[in-house]
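Have a look at the structure below, then the notes.
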Amino acid sequence: MLRSLVGSEMCIRDRYQRRVRGRDIVTMGCDGSKDEPVNKGDQMGRTEQPPADPAKMKIAKEVVDGLDTNKDGVMQFEEVQVLVKNLHPKFVNKNPTEITPDVPEMQVLNGMSKDQLVNHLATTVDTNWLVAFHQFLGLSGSADACNKSFEPGVYKVVWEGGVQYRKSNSYADVFFGNTGDKEVPIASTGQHYRIRHFVPGVMDAGEGGKKRTEVMYGYLEWPRLFLPMSFPDGTETLVREAEYENAEQLERMAKSLFDRILTKEQKDTKADTKPESVSADKVKAYLDAVKIGYDDAALLEKLAESDTNNDQLIDTAEFVNCFTKYGCIADCIWVDTNGAMKVPHPESVAEKFNVEDGDEFGLIEGEQM
């Protein structure tokens, strides 16, 4: 199975479409397409092979139809960007909108009718890739295998190659990073995430109203993102390793984070040895610099409460206490959570947070599961 598949949300780019002799044409830009069919080579420069077997042709046709997101019968530029992004490893960590019409991988598809594109995929693309992309589009998979229950806990990413974040509980709604980012952030193999809320996925019905296969998602509260807990065929992407309130996991995370803060202080002061403590303001400044979110109203107050020896400095034990007891610092340090407190929870999980009791952001002190 392809290790990293991306979603279909795209910005509208320059595009050109026309019909030639009654056929729908795939075009890559504003230069148009050839009037006559051409024998396109595949992405490696090979000529196309004889027609594939009917089963593979059927999958390829459903993939092309599935990519036609606005169902206008014509492959738009942004729809082909998704195809090229998933077909070529060189684009695996790129936002599809960064794939321009002039790259060879786009040019090889220029001018193809939808039927030609189907045949191209069926004769030049590995069957496993087609099946994986077919599942990604929600066109196949096992709804029963994906319909699992999950307990709150600390989950580890186990899928080799990592898992891409989603902006919502929709498999195709991949998070491409913040404005200006060119690399697609990913939940890497071996990383741990604290997850207490899970929601089923939703996906618009396909052509003819056919329901598409979806998966269960774990909600990451601080970055307001989702992680698919499996592939559409039920293959696990994350596994539970510890209880949600597991002290060992939280302490390990807090100690690792604070060690970075001390290292930064040593570098800034050009000290021979690493300091044992820093001021609360230095803690706040470091979190801002690396874009780790925190509760603006509570951070300095809770750090002060954790300063048990009242020396106006925060040491490792005091930072760990603040981190694990009060929840005022983001427990998801793998992705930008800066400013998270200003962003409401998505509608699909909003009801899980008690707004009336001030728990709109899920950060109530002493919160119980």
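The values are calculated or read from the model by the stated rules, or taken from the named source; none is laboratory data. Quantities reported herein were computed from a predicted structural model and do not represent experimental measurements. FYI the Cβ positions are ideal-geometry reconstructions off the backbone, even for glycines, and counts take in every protein chain you see. For accessibility, only protein heavy atoms count, side chains too; no ligands or nucleic acids. Shrake-Rupley method; radii C 1.70, N 1.55, O 1.52, S 1.80 Å.
Any residue in the range 96-115 that is free of Cβ contacts under 8 Å to residues at least 40 places away in the same chain sitting within a Cβ distance under 9 Å of a residue that is open to solvent by 10 Å² or more (accessible area, probe 1.4 Å) and aromatic (Phe, Trp, Tyr)? List the pairs, counting only those 6 or more apart or interchain.
Ile99/Phe91; Val103/Phe91
Where residues in the range 267-288 are open to solvent by 90 Å² or more (accessible area, probe 1.4 Å) and over 14 Å from Leu313 (Cβ atoms), which of them is nearest to the chain's Cα centre (by Cα)?
Ranking the qualifying residues of the range 267-288, first place goes to Lys267.
Residues of the range 69-90 being within 22 Å of the chain's Cα centre (by Cα) and among the acidic types (Asp, Glu), which ones?
Answer for the range 69-90, where residues must be within 22 Å of the chain's Cα centre (by Cα) and among the acidic types (Asp, Glu): Glu78, Glu79.
Could you tell me which residue of the range 235-263 is surrounded by the most Cβ atoms within 10 Å (Cβ to Cβ), considering only residues that are farther than 19 Å from Ala317 by Cβ and modelled with pLDDT under 95? It would help to see each step written out before you state the result.
Quick first cut of the range 235-263, residues farther than 19 Å from Ala317 by Cβ only: 235-244.
In the following step, the residues that additionally are modelled with pLDDT under 95 were identified as 235-237, 241-244.
Numbers: Thr235: 16, Glu236: 14, Thr237: 21, Glu241: 13, Ala242: 16, Glu243: 15, Tyr244: 16.
Here the answer is Thr237.
Of everything in the range 184-221, what is in a loop (DSSP other than H, G, I, E, B), at pLDDT below 80 and exposed (fewer than 15 other Cβ atoms within 10 Å of the Cβ)? Give them in sequence order.
Val202, Asp204, Ala205, Lys210, Lys211
Residue pairs, Cβ under 9 Å, 6 or more apart or interchain, first in the range 239-267 and closer than 16 Å to Pro152 by Cβ, second open to solvent by less than 70 Å² (accessible area, probe 1.4 Å) and in a helix (DSSP H, G or I). List them.
Every condition considered, the pairs that remain are Glu241/Gln249; Ala242/Gln249; Glu243/Gln249; Glu245/Thr324; Ala247/Thr324; Leu250/Val320; Leu250/Phe323; Leu250/Thr324.
Modelled with pLDDT under 85, open to solvent by 30 Å² or more (accessible area, probe 1.4 Å) and part of a helix (DSSP H, G or I), is that true of Asp181? It would help to see each step written out before you state the result.
Details: modelled with pLDDT under 85: yes; open to solvent by 30 Å² or more (accessible area, probe 1.4 Å): yes; part of a helix (DSSP H, G or I): no.
No: the conditions fail for Asp181.
Restricting to the range 339-352, name every residue that is modelled with pLDDT of 85 or more and closer than 30 Å to Lys255 by Cβ.
Within the range 339-352, the subset modelled with pLDDT of 85 or more is 343-352.
Val343, His345, Val349, Lys352, listed by residue number.
Residues to consider are Lys325, Lys302; find the one that is open to solvent by 10 Å² or more (accessible area, probe 1.4 Å) and over 18 Å from Asp281 (Cβ atoms). Please lay out each step first, then the result.
Numbers: Lys302 fails: over 18 Å from Asp281 (Cβ atoms).
One residue alone meets the criteria, Lys325.
Examine the range 82-89 for a residue that is open to solvent by less than 10 Å² (accessible area, probe 1.4 Å), touching a helix residue (DSSP H, G or I) at 6+ places or on another chain (Cβ under 9 Å) and over 17 Å from Trp129 (Cα atoms), and state whether such a residue exists.
Here is the first cut: in the range 82-89, the residues open to solvent by less than 10 Å² (accessible area, probe 1.4 Å) are 82-86.
Narrowing further to those that are touching a helix residue (DSSP H, G or I) at 6+ places or on another chain (Cβ under 9 Å): 82-86.
Next cut, over 17 Å from Trp129 (Cα atoms) only: none.
Checked the range 82-89: no residue is open to solvent by less than 10 Å² (accessible area, probe 1.4 Å), touching a helix residue (DSSP H, G or I) at 6+ places or on another chain (Cβ under 9 Å) and over 17 Å from Trp129 (Cα atoms).
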